[in-house]
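Taking it in order: structure first as structure tokens, then the write-up.
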Amino acid sequence: MNKKINFILDFSVITIGTIITALAVYFFMIPSNVLVGSITGLAVILENILPLSMSTITMALNTILLVVGFVFIGKEFGAKTVYTSILLPVILGILEKYFPDQRSIMGDPFADMICYVFFSGVGISVLFHCNASSGGLDIVAKLLNKFLRIELGSALAIAGILVSACTLFFYETKIFILSILGTYLSGVVVDRMIFGFNIKKRVCIISKKEAEIRDFIINHLHSGATVYESIGAYNLEPKRELISIVDKNEYLKLMDFIEKIDQDAFVTVYEVHKVIYRPKV
């Protein structure tokens, strides 16, 4: 029963993410012609030369890419990818039927691009958290990765930029520049939405006040820490390095405490996107 409930919840969330993405495409990307690199962007371009609707072209492209993916890559594309690849053009088709008058909501291509990047970022990040994707260029990226040995992130960026570059043949230079810019910003926004809410700080501290700092982390921040024995390369003196993973609020308190207690402390800080551990009870 739990598996069935989880299955229903999972696909319900995926449906919501796909709807958000489709709304962003239809009401922000299409009216402005700022075609941020995506399979729907390619469909909008092909609509200029094919006697088919954008939703029909998107469905055809996704179907072709799914078949190619299954043939050349294998069964990596599970039910979620197939579902979103079909659902997205279906929703776009419904929007075409009930909202045929596509006018720019913002009245400005740049503002439309910003809105599209934000709302599509929300939709894509929802899909990501459900271990799903919208198909399309993700499949192209995996093909480039397999046959040309291009890293997945780079492959996806290349595919997106190539789609955006096609606007140069159909629209003014301003739209071309905004499409390239939007493609870049879209990647940044999606990354921040996927990882940004869980970012923690890994703080590495070498200080003569190590005991006091360790006590502050454990008893005031109620966080954990690890102590490593290290040797300085300059004079080969043994030192103790204190490492702690803290959230944003804890980080500010910790840095303020270190500044007060030891201004000569050597501190390095790294971003941590995910922490997996099982606390002892």
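If only one of ILE217, ILE175, ILE206, ILE258 is of a type outside the set (Asp, Glu), touching a Pro at 6+ places or on another chain (Cβ under 9 Å) and buried (at least 16 other Cβ atoms within 10 Å of the Cβ), which one is it?
Numbers: ILE217 fails: touching a Pro at 6+ places or on another chain (Cβ under 9 Å); ILE206 fails: touching a Pro at 6+ places or on another chain (Cβ under 9 Å); ILE258 fails: touching a Pro at 6+ places or on another chain (Cβ under 9 Å).
Result: ILE175 is the single residue among ILE217, ILE175, ILE206, ILE258 that is of a type outside the set (Asp, Glu), touching a Pro at 6+ places or on another chain (Cβ under 9 Å) and buried (at least 16 other Cβ atoms within 10 Å of the Cβ).
Has region 114-127 got any residue that is within 17 Å of THR183 (Cβ to Cβ), of a type in the set (Phe, Trp, Tyr) and open to solvent by 80 Å² or more (accessible area, probe 1.4 Å)?
yes
Quick check on this structure: which one of PHE28, PHE72 is open to solvent by 20 Å² or more (accessible area, probe 1.4 Å), under 16 Å from LEU137 (Cβ atoms) and among the aromatic types (Phe, Trp, Tyr)? Steps first, please.
Values: PHE28 fails: under 16 Å from LEU137 (Cβ atoms).
Answer to the selection: PHE72.
Here is a list: ILE105, ILE64, ILE91. Which entry is buried (at least 18 other Cβ atoms within 10 Å of the Cβ) and modelled with pLDDT of 80 or more?
On the way: ILE105 fails: buried (at least 18 other Cβ atoms within 10 Å of the Cβ); ILE64 fails: buried (at least 18 other Cβ atoms within 10 Å of the Cβ).
Going through ILE105, ILE64, ILE91 in turn, the sole match is ILE91.
Could you grab me the full set of residues in region 261-281 that are in a loop (DSSP other than H, G, I, E, B), open to solvent by 90 Å² or more (accessible area, probe 1.4 Å) and more than 30 Å from VAL190 (Cα to Cα)?
Our first condition is that a residue be in a loop (DSSP other than H, G, I, E, B); within region 261-281, this holds for 262-265, 273-281.
From what's left, open to solvent by 90 Å² or more (accessible area, probe 1.4 Å): 263-264, 274, 276-278, 280-281.
Result: GLN263, ASP264, LYS280, VAL281.
Take the conditions more than 14 Å from the chain's Cα centre (by Cα), at pLDDT 85 or above and of a type in the set (Gly, Ala, Ser) and apply them to SER120. Does it pass? Before you say what the answer is, go through the steps one by one.
Working: more than 14 Å from the chain's Cα centre (by Cα): no; at pLDDT 85 or above: yes; of a type in the set (Gly, Ala, Ser): yes.
Taking the combined requirement at face value, the residue does not satisfy it.
Please go through region 44-55 and give me each residue that is in contact with a Leu (Cβ under 9 Å, 6 or more places away or on another chain) and either open to solvent by 10 Å² or more (accessible area, probe 1.4 Å) or in contact (Cβ under 8 Å) with a residue 24 or more places away in the chain (or both), ordered by number. Spell out the reasoning first.
Start the filter on region 44-55 by keeping residues that are in contact with a Leu (Cβ under 9 Å, 6 or more places away or on another chain), which leaves 44-46, 52-55.
Within region 44-55, ILE45, LEU46, LEU52, SER53, MET54, SER55 qualify.
The values are calculated or read from the model by the stated rules, or taken from the named source; none is laboratory data. Quick caveat, the model's predicted, so the values are computed rather than measured. As a convention, Cβ positions derive from the backbone with ideal geometry for all residues, glycine included, and neighbour counts pool all protein chains shown. Ligands, DNA and RNA are excluded from the accessible area calculation, which covers all protein heavy atoms including side chains. Shrake-Rupley method; radii C 1.70, N 1.55, O 1.52, S 1.80 Å.
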